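Below is one structure, written out as structure tokens; comments come after it.
The values are calculated or read from the model by the stated rules, or taken from the named source; none is laboratory data. Bear in mind the structure is a predicted one, so any value in this text is a computation, not a measurement. All Cβ positions, glycine included, derive from the backbone under ideal geometry; neighbour counts span all protein chains shown. These accessible areas exclude ligands, DNA and RNA; they are computed on the full protein's heavy atoms, side chains included. Shrake-Rupley method; radii C 1.70, N 1.55, O 1.52, S 1.80 Å.
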Amino acid sequence: MSGQRPEAEAERGDGTSLLGPSVHRRIRQLVLSGELAPGSRLSVPALATRLGVSRSPVREAVQQLIYEGLAVSTPHAGAKVAAVDDERIREVLAVRAVLDGLAAATAATRLTEADLDKLAAVIAAQETNLDDATDAARDAQLDLEFHSFIRDAAGNRCLADELARLEAQAHLYRGDLWCSARNRRVALREHRRILEALESGHPESARIAAEAHVHGLMTRLTRH
Ligand SMILES: [Zn+2]
């Protein structure tokens, strides 16, 4: 793995380029929403046709998905959407709890009032979206936005890269559990606690709230 992130330069912070949502962003959405289910083939020609673009950006996007842990390359069948099983989700969340705690603790002393307002806006959007149980893609996107904002605010590129991969992989696991109304409501409550801790500016409170959220996810996603 080269560690290169194709298209990263061309994207704005919200994953769009000046030409509109990037090909990577669009395929990523298909994966995270479950439209391209774990295990399904990521055929470059088929995706290029589906999105109405040439093969080259699709090929780059698939490489980036592999880098992000959302896809795996197989010897003879090309790339497939990664499958996250019960054991893998436990491993992912165990590491994510620690790193999310670190990100929140670091961000606690760095976030401005404007940043905190933006985080509050993401939470408000999640609340609005809560009544629409069918919009799993929007739900996943808002959760990722909330966490990516905090990890970016922490200002540690290495930490942000690792967390981006772990968060995306976590969303590949059991979409039905992620989007149950009850689980979303509890997750939203945990997000509010994280925001409150960040507003207090206390690193230790932020760490505890962020870790509690991931431990909560672990319980909710693995108790079946
Ligand atoms: Zn969350």
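Structure data summary
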| item | result |
| --- | --- |
| Residues within segment 44-98 that are in contact (Cβ under 8 Å) with a residue 60 or more places away in the chain, open to solvent by less than 10 Å² (accessible area, probe 1.4 Å) and of a type in the set (Val, Ile, Thr), tallied | 3 |
| Residue that is part of a helix (DSSP H, G or I) and in the same structural domain as residue 149 (by TED's automatic domain parsing), where the choices are 111, 119 | 119 |
| Residue count, segment 153-194 (criterion: surrounded by fewer than 17 Cβ atoms within 10 Å (Cβ to Cβ) and among the hydroxyl-bearing types (Ser, Thr, Tyr)) | 1 |
| Helices (runs of 4 or more DSSP H) contained in segment 145-224 and holding at least 1 residues at pLDDT 95 or above, within 11 Å of the ligand (Cβ to nearest atom) and among the aliphatic types (A, V, I, L, M) | 181-200, 203-222 |
| Residue within segment 113-127 that is open to solvent by less than 60 Å² (accessible area, probe 1.4 Å) and touching a Pro at 6+ places or on another chain (Cβ under 6 Å) present | no |
